[in-house]
Structure formats: C-alpha cells, structure tokens
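In what follows, a single structure is set out as structure tokens and then discussed.
The numbers here are math on the coordinates, done by the rules we state, and not lab data. Predicted, not measured: the structure shown is a model, and the values here were computed from it. Don't worry about glycine lacking a Cβ; one is built from the backbone with ideal geometry, like all the others, and counts go over all protein chains shown.
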Amino acid sequence: MGATTVNEGSRLFLVCDSTNSNREPLAQWFDKDGQMVSASEVLNIPNIMRYQAGTYICRTSPPNPDNSTRTIATVVVQCECVCSLASYAQS
C-alpha cells in the first residue's frame with residue numbers, strides 16, 4: 001500500500017485489499033502499538049491528528065487461516081505550524 005499523506009484535521013480513509021478469497025474474509029486494522037483500530041476492511045479516522053501518524057497494518061483471515069495476508073500502510077500527517085515572534089523592547 002505504501003505511504004499516504006494527509007493534512008492534520010482531515011479524514012484518513014484506507015481500504016484493505018482482501019480479495020484473496022471466494023468467501024468474505026475477516027479484516028482488521030492495527031496501529032503501530034498493535035492495538036486494533038478497526039474491525040473491518042476500512043480504516044476511517046475522521047479528524048486525524050499528528051500523534052496518529054505511523055504504520056498501520058491490515059490483517060485479513062479468509063476461511064482458511066493459512067491464506068491470511070498482511071497489508072502495511074505508512075501514514076504521514078502534515079501539520080501547519082504557527083510561530084510567533086515575541087516583541088522585545090530595547091533599552
């Protein structure tokens with residue numbers, strides 16, 4: 001799947017390719033910490049934040065577990081940094 005770049009605050013929408021079986025496979029998405037973040041082929045994060053950037057893994061398990069697959073997606077979250085300069089009075 002490769003790298004996906006999204007802007008902070010926008011929606012992340014990833015679909016796992018699970019077309020390796022004649023019957024409907026089970027698909028689950030996991031984050032970089034191994035926590036399940038979606039129990040379907042679709043990973044939908046409506047308001048993604050920079051701390052959610054990283055690697056996501058979709059695991060599919062068709063009726064025959066020997067044919068399970070893994071899809072890896074790297075998510076890059078771009079953010080707009082606002083910097084301000086403090087005004088200093090000279091003496």
Proxy reagent accessibility, fewest Cβ within 10 Å first, across Asp33, Asp17 | Asp33, Asp17
Taking the Cβ-Cβ separation of Arg70 and Glu8 as r and a Förster radius of 22 Å, what is the calculated FRET efficiency to the nearest 0.05?
-> 0.20
Cut-off 13 Å between beta-carbons: net charge of the residues surrounding Gly9, Lys and Arg +1, Asp and Glu -1 | 0
Arrange the following residues from fewest to most other Cβ atoms within 10 Å of their Cβ: Glu80, Glu8, Glu41.
-> Glu80, Glu8, Glu41
Local net charge near Ile48, Cβ-Cβ under 9 Å (Lys/Arg +1, Asp/Glu -1) = +1
